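Have a look at the structure below, then the notes.
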Amino acid sequence: MGQAAFSCGTDYHFPYSGGFVDLQLTDKVAIVTGGSRGLGRAICEGLAAEGARVVIDYLCDPQAGVDLTEEAERLAADLARQYGVQTAAIAADVSDGDQVQRLFDQTELRLGVPDVLVNNAGIWPTALAHEIDQADFRRVLDINLVGSFLTCKAAVRRWLDAGRGGRIVNITSPAAFQGSTTGHAHYAASKAGLVSFSLSLAREVAPHGIHVNLVAPGMTRTEMSRDALATGESHYIQRIPLRRIAEPSDIADVIVFLASSRAGYMTGATVDVTGGMLMR
């Protein structure tokens, strides 16, 4: 399991330029699960651009053929150089309780007690409901739902013990409310469960100054959606009133806002960022 901390690194150009409103995130410590690529990468970049110290959680499981160490460490170095913030790349499978504990322990050791948790890690396999293998269904739940439960539990325990507040942003999906029509029933179930869990958690911890909100992104151009868009982009665009697929920064901007004190009167809310595909 690899991990690294950086205060400088190689040159890299990011399109994100930050905003004109001070989100008061300077020196806040933020953990982003699944932060090395796709939407997670954009979230890390958005937080760093606002001055936050960013922990990039990533998966390193050579037995499963997944090792994102190199790109996570490169991103950490690039963000540190571009925005002058402290960063750390820490490997942890969020579905493993012991690894989640190490993630938070290492975060405190390297950057300090976390102020923000963004649960972005997730998988999106494709299979019709009657063809889903039981092990695959459980794996989706373990990562998308149980993983978020474990990280939320670790964060809340630390904040309650320290008598301090915190901010959690959980990434759900329009499928949590509409179901799936494209072979992702297990994904939809995991995201619906995450909504219900998040609302319960928000009610429990609100008196302690801990905010729990969700973002439901629409179809976004990431590694996860590449194959689906390659074969069915027109299908998705026809369902989106704004008539375009989201870029990761479109979603990350909203997540960064929810992670900030500017969203100080929001908890238990789900913000739809779908180009109008989901309107409520």
I'd like to verify a number: residues in region 198-228 that are assigned to a helix (DSSP H, G or I), surrounded by fewer than 18 Cβ atoms within 10 Å (Cβ to Cβ) and in contact with a helix residue (DSSP H, G or I) (Cβ under 7 Å, 6 or more places away or on another chain), how many? 1
Odd one out for Met266, checked against (1) in contact with a helix residue (DSSP H, G or I) (Cβ under 9 Å, 6 or more places away or on another chain); (2) crowded, with 20+ Cβ neighbours inside 10 Å: (2)
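Got at least one residue in region 166-175 being touching a Leu at 6+ places or on another chain (Cβ under 6 Å), closer than 19 Å to Gly35 by Cβ, hydrophobic (A, V, I, L, M, F, W, C) and modelled with pLDDT of 95 or more?
Yes: region 166-175 contains one or more residues that are touching a Leu at 6+ places or on another chain (Cβ under 6 Å), closer than 19 Å to Gly35 by Cβ, hydrophobic (A, V, I, L, M, F, W, C) and modelled with pLDDT of 95 or more.
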Mind checking which residues of region 237-271 are part of a helix (DSSP H, G or I) and free of Cβ contacts under 8 Å to residues at least 24 places away in the same chain? Ile237, Gln238
Restricting to region 255-274, name every residue that is farther than 17 Å from Lys191 by Cα and in contact with an Asp or Glu (Cβ under 8 Å, 6 or more places away or on another chain). Val256, Ser260
If you go through region 138-151 one residue at a time, do you hit one that is in contact with a His (Cβ under 6 Å, 6 or more places away or on another chain), in contact (Cβ under 8 Å) with a residue 12 or more places away in the chain and under 23 Å from Pro217 (Cβ atoms)? yes
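The values are calculated or read from the model by the stated rules, or taken from the named source; none is laboratory data. Just so it is clear, the structure is predicted and the values come from calculations on it, not from any experiment. When we count neighbours, we look across all protein chains shown, and the Cβ atoms used for this are built from the backbone with ideal geometry, even at glycine.
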